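The values are calculated or read from the model by the stated rules, or taken from the named source; none is laboratory data. Note that the structure is a prediction, hence the values are computed from the model and not measured. Reconstructed Cβ throughout: ideal geometry from the backbone, glycine too, with neighbour counts over all protein chains shown.
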Amino acid sequence: MTEGVATQLLHCETSKELWEGAQSLVGAHTRSRVTLLKTEFHSSRKGSMKMEEYLIKMKLLADSLKLAGSPISNTDLITQTLAGLDINYNAIIVQLSDKNDLTWIDMQAQLLTFENRLEQLNSLSSLTLSPSPNVVTRFDQKVNRSNNRGSWRGNNFRGTRGGRGRGRLSRDKPTCQVCEKIGHIAVQCFYRFDKSYMGQSSDDKQEKHNAFIASPNFNASSNSIRDPEWYFDSGASNHVTHDPNQFQEISEHDGKTSLVVGNGERLKIHAYGTAALDTCQRSLNLHDLLYVPKITKNLLSVSKLATDNNITIEFDASDCFVKDKLTGKVLLEGKLRDGLYQLSSVNGKNKRMLHCSVTVRVLYVLQRILSFILDASIFN
């Protein structure tokens with residue numbers, strides 16, 4: 001018994017009074033500690049802490065409350081932990097909140113992964129030495145929300161597809177292609193992982209063109225080696241290529257509009273048109289393909305490729321598959337290379353087309369053999 005506790009029990013005359021007084025003191029101390037712990041638990045915020053530090057703090061508070069006789073349920077722990085995150089984590093908060101059987105371990109792993117992804121994108125957006133279209137911001141003909149005027153000036157297309165777009169370009173600050181607010185780019189936008197977020201109002205029906213891809217080796221300098229392969233871009237609304245030989249139909253572009261890379265440098269758009277990817281089953285159409293000579297990788301818009309060709313595109317940890325939506329047959333395949341999904345067997349009707357050609361030849365030979373056998377049986 002400490003001196004402080006003994007002082008408060010000097011008035012006790014019997015052992016019963018002493019015992020009851022001691023219990024009362026301990027109970028009051030415990031209740032006070034529980035109140036303090038609960039207050040800290042419900043008011044804790046991640047702030048500038050690393051995610052790992054924040055998660056450890058919340059778990060320690062929950063464990064302390066359990067030892068004090070006031071345990072916190074797993075659901076309350078997860079809910080309060082998510083509530084303490086800032087606005088940059090809105091996308092992952094929405095995703096995790098929809099899971100009914102989420103455990104503390106699963107949530108911890110996903111939050112740490114999300115934080116690492118944020119740090120990679122933020123470091124990527126701060127690169128200024130070399131122009132890099134790791135993030136290519138918006139090229140569009142979209143009507144401005146506030147005054148119903150376009151967001152580009154002189155945004156004219158000329159060619160067989162026709163159509164014009166006009167507007168105004170803010171030269172001082174970038175416009176985010178995700179939420180369409182001025183002052184930041186897509187990699188800094190907290191809505192970039194939120195698939196449920198629609199950055200376009202119901203009154204906005206104009207066509208919108210995006211190209212969004214993250215890769216540290218995606219350099220747009222004039223001395224860069226042009227990669228002939230195609231890469232999937234899940235954030236793009238248009239296909240982009242540096243190779244004019246890809247086009248089946250092409251229309252001249254006036255060159256007044258451009259794609260803007262992550263550091264603000266504008267890449268000139270020379271033309272636009274249509275192309276096709278050959279597969280063994282059928283050709284896949286590439287509508288609204290932009291010709292940008294300075295871009296170093298050919299980009300395939302995942303949404304546009306799927307919509308225009310009635311296909312599904314599946315991704316896993318190392319591969320991707322383009323499948324016919326009706327038959328389920330694999331049309332094309334891809335591999336994860338340096339953080340990007342690279343489409344295989346596209347250029348020059350490579351392996352898949354060769355396989356198709358060989359298959360046709362084999363079928364032709366078999367047909368001739370069967371015809372010969374039938375003719376022989378008839379004459380005999």
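Considering only residues that are assigned to a loop (DSSP other than H, G, I, E, B), aliphatic (A, V, I, L, M) and more than 25 Å from Arg117 (Cβ to Cβ), which ones fall in the range 38-85?
Matches in the range 38-85: Ala68, Ile72.
Would you confirm whether or not the range 55-74 contains a residue that is closer than 30 Å to Cys179 by Cα and touching a residue at least 12 places away in the same chain (Cβ under 8 Å)?
yes
Which pairs do you get when a residue that is assigned by the TED database to the domain that holds Ala68, found in the range 15-40, comes within reach of a residue that is assigned to a helix (DSSP H, G or I) and modelled with pLDDT under 75, reach meaning Cβ atoms under 9 angstrom, with the pair 6+ apart or on two chains?
Between residues of the range 15-40 that are assigned by the TED database to the domain that holds Ala68 and residues that are assigned to a helix (DSSP H, G or I) and modelled with pLDDT under 75, the close pairs are Gly21/Gln8; Ala22/Val5; Leu25/Val5; Leu25/Gln8; Val26/Val5.
Can you tell me how many residues within the range 328-343 are part of a loop (DSSP other than H, G, I, E, B) and without any contact (Cβ under 8 Å) to a residue 40 or more places away in the chain?
The qualifying residues number 1.
Residue-by-condition table, conditions (1) closer than 30 Å to Ile295 by Cα; (2) outside the structural domain of Val240 (by the TED database); (3) modelled with pLDDT of 80 or more; (4) loosely packed, with under 15 Cβ neighbours inside 10 Å:
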position	(1), (2), (3), (4)
Leu61	no, yes, yes, no
Thr75	no, yes, yes, yes
Ile87	no, yes, yes, yes
Ser130	yes, yes, no, yes
Asn148	no, yes, no, yes
Arg158	yes, yes, no, yes
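Looking at the range 273-301 only, could you name the residues that are among the hydroxyl-bearing types (Ser, Thr, Tyr) and over 21 Å from Lys323 (Cβ atoms)?
Across the range 273-301, the qualifying residues are Thr274, Tyr291, Thr296.
Restricting to the range 313-326, and then to whatever is more than 12 Å from Phe232 (Cβ to Cβ) and without any contact (Cβ under 8 Å) to a residue 40 or more places away in the chain, can you tell me which residue is surrounded by the fewest Cβ atoms within 10 Å (Cβ to Cβ)?
The extreme case among them is Ala317.
Can you pull out every residue in the range 88-123 that is of a type in the set (D, E, K, R) and not in a helix (DSSP H, G or I)?
Result: Asp98, Lys99, Asp101.
Using the structure shown, decide if Lys304 is of a type in the set (Lys, Arg), closer than 15 Å to Trp230 by Cβ, in the same structural domain as Leu267 (by the TED database) and modelled with pLDDT under 90.
yes
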